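Report on the structure given below.
The values are calculated or read from the model by the stated rules, or taken from the named source; none is laboratory data. Not measured: the values here are computed from a predicted model. With ligands, DNA and RNA removed, areas are computed over all heavy atoms of the protein, side chains included. Shrake-Rupley method; radii C 1.70, N 1.55, O 1.52, S 1.80 Å.
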Amino acid sequence: MKNLLKIEELFLFGLALFLFSELDYSLGWYAVLFFAPDLSILGYLMNPQVGSWAYNLIHHKALAVALYVLGSLLSIPWLMFAGTILLGHSSLDRVFGYGLKYPDAFQNTHLGRIGKQNDA
């Protein structure tokens, strides 16, 4: 099942790239801003609850879709661009096992625990 979900996320990453290709922005901008959503991790400097809330908000695909659709409806290309960045980034994160965070610790995600496991 995990592999099937990873394939699904890979297709969503491809969709984000396709939607981006329809915009009038250089691929360089996509590459430069691709990891910008990870700045939401700075919320963890306050505490895990704020960190997980900020991280989950920015990595939630509903936000990505909402920005893209709003940008499309209002003819605001930079909103569409932001939506493709968030969708592509979040999808690729999930391909690599980085899911939405639980408020107790960064390592606890909806896809399981990330990082080195303590076998003791």
Seminar exercise, completed: For the chain, the percent of accessible surface on carbon and sulfur atoms (probe 1.4 angstrom, ligands and nucleic acids excluded) is 70
Problem set entry | Per-bin percent of Cα-Cα distances, the chain [5 Å] | 2, 12, 19, 22, 19, 13, 9, 3, 1, 1, 0, 0
For this session: Over the chain, average the accessible area per residue using a 1.4 Å probe and give it in Å², no decimals.
Result: 63
Exercise. In terms of Cα to Cα distance under 12 Å, which aspartates and glutamates are near enough to LYS61, apart from those fewer than 8 places away along the same chain?
Worked result: GLU9, ASP93
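State, as an integer percentage, the relative contact order of the range 3-120 based on alpha-carbon contacts under 8 Å between residues 6 or more apart.
30
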Exercise. Given H placed on each backbone N at 1.01 Å, which residues far from GLY99 in sequence or on other chains put an amide H within less than 5 Å of it?
Worked result: HIS110, LEU111
